[in-house]
1. If R₀ is 51 angstrom, what is the calculated FRET efficiency for the pair residue 217 and residue 8, using the beta carbon separation as r and rounding to 0.05?
2. Mind checking the per residue accessible area of the chain for me, 1.4 Å probe, whole number of Å²?
3. Over the stretch 173-214, what per residue volume does the convex hull of the Cα atoms give, in whole Å³?
4. Could you size up the charge dipole of the chain around its Cα centre, putting +1 on the beta carbon of Lys and Arg and -1 on that of Asp and Glu, and report it in debye to the nearest 20?
5. Could you tell me which of 66, 99, 44 has its Cα farthest along the dipole of the stretch 1-133 towards the positive end, charges placed at Cβ (Lys, Arg +1; Asp, Glu -1), taken about the Cα centre?
6. May I ask you to compute the full-extension gain from residue 444 to residue 56, defined as 0.36 nm times their residue separation minus their alpha-carbon distance, rounded to one decimal in nm?
7. For residue 32, what accessible area in Å² do you get when you roll a 1.4 Å probe over the heavy atoms of the protein chains, rounding to the nearest 10?
8. Under 17 Å Cα to Cα from residue 362, which aspartates and glutamates show up? Leave out anything in the same chain fewer than 8 places away.
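The values are calculated or read from the model by the stated rules, or taken from the named source; none is laboratory data. All of these numbers come straight from a predicted model, not from anything done at the bench. Positions of Cβ are backbone-derived with ideal geometry, glycine not excepted, and every protein chain shown enters the neighbour counts. Calculation scope for accessible area: heavy atoms of the full protein, side chains included, ligands and nucleic acids excluded. Shrake-Rupley method; radii C 1.70, N 1.55, O 1.52, S 1.80 Å.
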Amino acid sequence: MDKRWTQKPKADKNLVESLSNELNKLDFTLTELLIQRGIDTFEAAKQFFRPSLKHLHDPFLMKDMQEAVNRLQQAIEKNENILVYGDYDVDGTTAVSLVYGFLQTFYPNIDYYIPDRYAEGYGISFTGIDYAEDNDISLIIALDCGIKAIDKIEYANKKGIDFIICDHHTPGEEIPKAVAVLDPKRTDCNYPFKELSGCGVGFKLMYAYAQSQGISLDALLDRLDILAVSICADIVPIVGENRILTYFGIQKLNDNPQPGFQAMLNLANVKKKSLTVTDVVFTLAPRINAAGRIESGNKAVEVMLSDNPDSALEGGTYIDSHNNDRRELDASITEQALAMIEADEKLMQQKTTMLYDASWHKGVIGIVASRCIESYYRPTIILTESNGKAAGSARSVKGYNVYDAIEKCSDLLTQFGGHKYAAGMTLPIENIEAFQQKFEEVVSASISEDLLTPEIEIDAELEVDQITAKFYKVLKQFAPFGPENMKPVFVSRGLKERGYAKIVGNNHLKLDLLKADNPNTFYPAIAFGLGDKLELIRSGKPFDVAYTIEENEWNGKVSLQLNVKDIRE
């Protein structure tokens with residue numbers, strides 16, 4: 001698939017020189033990377049390179065936080081039964097693990113509940129509220145869900161069950177009539193940081209409660225690895241508070257992880273000395289998700305709450321087997337989905353993909369949507385049948401708000417929710433054809449042609465001989481990387497290859513890059529999925545390379561290598 005290269009605007013030269021001087025003659029390219037990220041003063045750079053929990057915002061700045069803390073304190077004083085309720089995905093299960101795990105260190109009358117993906121569907125369910133009533137529970141803390149549960153909260157209110165909602169999804173026009181609704185995306189909420197994960201909102205509630213009651217924060221901060229996993233998996237921007245929390249959470253994950261995480265890493269055969277956001281996204285997140293996708297999210301919570309390595313390993317092994325099942329389902333359904341696209345000339349020409357098959361497994365349709373985008377780069381919805389209705393997962397392309405597009409089709413839907421790049425919905429099966437047509441019309445009218453080609457956004461031009469151990473030592477401190485603080489992509493022009501380029505694995509390219517005028521110094525590189533560029537490289541013509549810089553661990557040795565994103569003549 002062709003890619004378009006776009007280069008970020010160059011920073012003001014005087015500002016680069018000035019900030020570089022303030023930062024002890026920092027390399028100009030690295031200084032420019034800081035300015036691109038909005039870091040243009042010495043103090044901002046200091047906070048960026050030296051994250052501190054002291055820089056977290058006061059949780060009481062969040063709308064309804066005082067009401068939430070008051071209600072929680074009332075429940076604890078009166079020995080009420082409290083239910084910690086969370087969605088079945090990574091963000092929901094990590095949120096339950098963090099909040100329940102912290103509360104149980106000082107309060108015994110608590111339970112947790114994860115809805116069944118297939119019997120109850122997304123978010124707060126009537127079944128979950130009935131469970132609370134049957135177990136004499138009078139307060140439910142809902143995590144990563146609830147912002148649109150108007151009817152469910154009304155149902156609970158009639159039963160005398162109070163709700164504290166901790167959500168981060170976009171609210172509808174009406175806010176549920178709960179005791180407290182914590183969501184930084186509320187239009188009437190002045191909390192300075194809007195991009196917390198669902199687990200992050202739960203963390204802020206626990207932080208506020210502990211602070212107000214003089215309870216030590218140690219047991220809460222000891223769970224920052226759980227919070228970091230939620231931030232990484234939910235693909236929220238890793239800037240501001242999220243960057244601070246991820247920085248310390250990844251540190252905890254590397255130094256002393258929860259036994260459940262350690263078990264999962266061992267089962268995945270991860271031997272890296274230092275884990276990154278990418279390792280969390282591709283190793284821990286799929287395993288936690290697999291529990292809710294294949295059977296029940298309860299198992300993931302059990303593993304994350306386990307403080308015994310043996311029971312953690314037993315539960316982790318169970319989850320790992322579900323992850324293997326998930327992979328097989330994902331591969332099989334993706335193959336079917338791609339075949340459906342290729343067999344339909346009209347669908348091939350469209351600006352969206354929407355596919356339906358009643359037999360597809362609901363637990364993997366979001367993954368399948370992402371896989372389809374890898375082959376056909378456009379907003380995609382995959383639908384299956386669930387409880388007599390069509391249930392779907394949407395994924396988008398960079399720069400396009402699929403949630404807004406789905407909202408414009410809401411007259412055809414039973415319910416929907418989500419973010420800019422990922423959303424879910426249910427609808428009557430008889431509405432599928434009309435939904436396909438309207439979604440295509442909405443997207444076609446609002447998406448620009450360039451967004452239908454994958455973009456490589458280049459941060460800066462670099463001469464390869466600028467890549468030194470000193471340069472990388474500073475670059476490494478830009479981590480943790482993620483949305484809005486991505487690993488910098490560089491371009492180097494007029495390069496050649498040393499003559500040893502070869503295809504390895506599944507169409508990957510292994511090569512040594514060098515400047516045409518300096519054949520004695522070469523830079524090892526790997527280009528995943530770019531085997532078709534071998535002919536260009538062997539042609540002898542100079543070429544341009546877009547790449548990131550990373551450390552490669554092999555046989556206990558660590559060296560720098562370029563991770564090539566694209567090659568052009």
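1. 0.85
2. On the way: 25100 Å² over 569 residues.
Spelled out: the 1.4 Å probe surface of the chain, per residue, equals 44 Å².
3. 90 Å³
4. So the magnitude is around 1800 debye.
5. Going by the charge dipole, the pick is 44.
6. Numbers: separation 388, 0.36 × 388 = 139.68 nm, distance 4.14 nm.
So the chain would gain 135.5 nm between residue 444 and residue 56.
7. 20 Å²
8. Answer for residue 362, where 17 Å is the Cα cut-off: 87, 89, 116, 120, 295, 325, 328, 330, 335, 385, listed by chain and number.
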